[in-house]
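Worksheet for the structure shown next.
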Amino acid sequence: MSIPDASSPLSPVSELSLEDNEHENANLSLLFDRYKDKFTRFPNEKGWMGQNLYMYQGFWYSSENAFSIETMMALQDTFQAHSTDIYLATQPKSGTTWIKALVFAIVNRNRYKNDSSTNPLLITNPHKCVPFLEIEIVGKTPTYVHANTPRLFSTHIPYTALPQSILGSGCRLVYMCRNPKDVLVSWFHFSNKLNDKYHVQMTIDELFEVYSKGLMPYGPYWDHVKEYHKVSSEHPTRILFLTYEDMRKDTANKVKRLAEFLGYPFTEEEEAKGKVEEIVKLCSFENLKEVNKHGDFRKGVPNNSFFREGKVGGWNNDLTTEMSQILDDITKAKFHGLDISF
Ligand code: A3P
């Protein structure tokens with residue numbers, strides 16, 4: 001694959017054309033009405049932050065915001081994948097923001113210089129560089145104006161519920177997971193920073209209760225991880241399975257592995273010039289946290305809510321020994337026989 005060069009310094013936003021198309025919006029609204037008739041008959045229970053969650057094909061979905069069951073169904077019915085697309089899939093709070101930054105930086109490394117007048121990662125939230133299928137893309141016809149650029153998208157949708165066109169397109173997908181105890185604690189702090197009408201605050205005990213039952217958007221956590229792990233073992237050239245913990249332990253080598261997998265390997269010359277380390281630093285927690293001190297990702301979701309501690313094992317401060325033991329037991333049983341460790 002060719003690497004876009006710096007002669008076409010387009011911002012990520014102008015590369016992706018997402019005009020607000022009245023016709024598309026009207027169609028989406030009609031589709032959503034149809035889905036409502038359907039999903040309101042699915043099993044439902046109260047879960048994360050008091051939301052009514054609906055069960056579909058073994059997973060729980062929210063019905064109340066951008067990451068809703070309707071958006072997943074609309075994507076299934078309308079989204080058109082390209083074989084050159086790259087998808088980043090995660091459970092929320094597993095390092096989505098970080099993997100978006102890394103993949104964007106790897107693929108665009110010759111296009112943007114490392115200065116804040118040109119490099120989007122020094123100006124804006126990585127979520128603006130790699131759009132979520134469930135937020136920016138649903139119901140839209142995304143077209144990139146730069147022919148050489150692969151389209152980069154992210155999603156929290158479970159593997160089996162991905163639009164058929166993604167499954168059949170032969171495109172590459174990167175999945176990143178994280179220790180469920182750190183995911184839970186990260187959810188807890190993130191949720192309490194949200195400032196919108198879709199959530200009621202929960203204590204850590206209340207959140208633990210619903211999380212351990214899998215009653216989270218795109219939950220159960222364990223089933224989500226297991227599905228992607230299985231297809232990655234079966235199709236390792238199409239799906240790369242990473243853990244947040246491994247990425248933290250050996251970021252430079254994992255970045256090289258990621259670049260190879262994506263079809264953008266570093267040359268010897270780039271390695272000798274320190275290009276890998278440059279990307280690691282550009283996408284570091286410290287750097288991204290500083291860039292995203294102010295502003296909102298979208299209404300009620302501050303940019304800084306995506307950058308809290310960025311630690312491995314930080315769950316220790318918020319979970320009791322008993323909670324930890326229960327989650328360990330579930331993880332052991334669910335991941336039995338699988339090569340997944342944190
Ligand atoms: P903590 O809450 O444990 O600090 P997501 O991006 O999927 O919402 O996940 C958010 C978690 O990733 C947060 O974890 C956040 O601090 C961490 N994170 C964000 N950017 C990171 C980076 N560049 N490096 C490592 N961790 C990062």
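The values are calculated or read from the model by the stated rules, or taken from the named source; none is laboratory data. Just so it is clear, the structure is predicted and the values come from calculations on it, not from any experiment. Positions of Cβ are generated from backbone atoms using ideal geometry, with glycine treated the same way; all protein chains shown enter the neighbour counts. Just so you know, the surface numbers come from the protein's heavy atoms only, side chains and all, with ligands and any DNA or RNA stripped out. Shrake-Rupley method; radii C 1.70, N 1.55, O 1.52, S 1.80 Å.
Quick notes on this one:
- ³J(HN,Hα), Karplus 6.51/-1.76/1.60, whole Hz, each residue of the range 207-223, x for Gly, Pro: 5, 4, 4, 6, 5, 5, 8, x, 7, 10, x, 6, x, x, 3, 5, 5
- Projected label distance in nm at GLU260 and SER83, using a 7 Å step from Cα toward the beta-carbon: 2.4
- Order by protection proxy (mean Cβ within 10 Å, highest first), peptides 242-252, 284-294, 92-102: 92-102, 242-252, 284-294
- Both the radius of gyration and Dmax for the range 18-334 are 19.2, 59 Å, in that order, over alpha-carbon atoms.
- Net length gained if the chain between ARG34 and HIS235 were fully extended (0.36 nm per residue, minus Cα distance): 68.9 nm
- Sequence-distant residues sharing a close amide H with LEU88 (under 5 Å, placed H): PHE153, SER154, THR155, VAL174
- Take the Cβ atoms of GLU309 and ILE340, set R0 to 25 Å, and the FRET efficiency comes out at 0.65.
- Across the cross-link table entries LYS38/LYS128; LYS249/LYS334; LYS46/LYS230, which are compared at the Cα atoms, the separations over 27 Å belong to LYS38/LYS128; LYS46/LYS230.
- Accessible solvent surface per residue of the chain, calculated while the other protein chains remain in place, 1.4 angstrom probe, Å²: 45
- Estimated from helices alone, the mean residue ellipticity of the chain at 222 nm is -11500 deg cm²/dmol (sum of -39500 (n - 2.57) over DSSP H runs with n ≥ 4, per residue).
- Members of LYS113/LYS254; LYS226/LYS275; LYS181/LYS293; LYS140/LYS213 lying beyond 32 Å, as alpha-carbon distances in this model show: LYS226/LYS275; LYS140/LYS213
- Sequence-distant residues sharing a close amide H with PHE59 (under 5 Å, placed H): none
- Extension gain, ARG298 back to PHE42 (0.36 nm per residue minus Cα-Cα distance, nm): 89.2 nm
- Share of carbon and sulfur in the accessible heavy-atom surface of the chain [1.4 Å probe, %]: 50
- Only Lys, Arg (+1) and Asp, Glu (-1) charged, at Cβ; the range 108-253 dipole about Cα centre in debye: 560
- In this structure the amide hydrogen of THR243, modeled in the peptide plane, comes within under 5 Å of the amide hydrogens of CYS177, none closer than 5 places in sequence on its chain.
- For CYS129, the solvent-accessible surface with a 1.4 Å probe is about 10 Å², rounded to the nearest 10.
- Spin-label model, LYS273/SER165: points 7 Å from Cα along the beta carbon direction are separated by 3.7 nm.
- Calculated FRET efficiency, ASP329 to GLU206, Cβ-Cβ distance, R0 = 25 Å: about 0.80 to the nearest 0.05.
- Stretchable slack from THR118 to PHE190, in nm (0.36 nm times residue separation minus alpha-carbon distance): 23.0 nm
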